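Everything below concerns the one structure shown next.
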Ligand code: FES
């Protein structure tokens, strides 16, 4: 009975997008930190995963995020020319251009994958980006995987 009540409550709740953001440590993470310390308001729908550089973000991380319950994924790092590892973001840009074209084959709508450059000084841009991505995903609705049984609950 409790399960039925929980399911009913879950079904009647308005859709709240779940966004996973893979960000580089040096720019976008610092930008997110600036947004927080500046007390800028942005949608609480994002879970940030910090990595050393966007060049380190493997496309499988994105697939795993969707499998793990995300409705959208954001990849963000240093502006071109500002990467702390010289060319990591250039490699990432090339990788994501190709990966985006392959997304359809995996059954994931490419509109659910977002890219951005946010520097450590752009807290306001980070806040705006999260609000924008959340609004776009809210309009798309929840992500429906091919095999819902593999989708894990969001924590
Ligand atoms: Fe930020 Fe490479 S260190 S993208």
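A short reminder: the numbers here are calculations on the coordinates, not readings from a lab. Note that the coordinates shown come from a computational prediction; the quantities given were computed from them, not determined experimentally. With ideal geometry, Cβ positions are generated from the backbone for all residues, glycine too; neighbour counts draw on all protein chains shown.
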Return the tail of the calculated pair distribution for the range 73-151, meaning the percent of Cα-Cα pairs more than 14 Å apart. 69
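Rounded to the nearest 0.05, what FRET efficiency do residue 79 and residue 16 have when you use their Cβ-Cβ distance and R0 = 25 Å? Walk me through the numbers before you get to the answer.
Details: r = 30 Å, r/R0 = 1.22.
With R0 = 25 Å, the Cβ-Cβ based efficiency is 0.25.
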Want the number for residue 40 to residue 56: 0.36 nm per residue separation, take away the alpha-carbon distance, what's left? 2.9 nm
State, to one decimal in nm, how far the label point of residue 131 lies from the label point of residue 105, with both points 7 Å from Cα in the Cβ direction. 3.9
Per the rule of 0.36 nm per residue minus the C-alpha distance, extending residue 87 to residue 49 adds in nm 11.6 nm
Mean ellipticity per residue at 222 nm, deg cm²/dmol - from DSSP H runs of n ≥ 4 across the chain, formula -39500 (n - 2.57): -14000 deg cm²/dmol
Taking a crude spin-label model, label points 7 Å out from Cα along the C-beta direction, the residue 33 to residue 67 distance in nm is 3.2
Which angle from 0 to 90°, rounded to the nearest 10, does the C-alpha axis of helix 88-106 make with the longest principal axis of the chain? 30
Quick calc, residue 144 & residue 95: beta-carbon distance into FRET formula, R0 30 Å, rounding 0.05, result 0.70
Using only the Cα atoms of the chain, what do you get for the radius of gyration and for Dmax, in Å? 16.3, 58
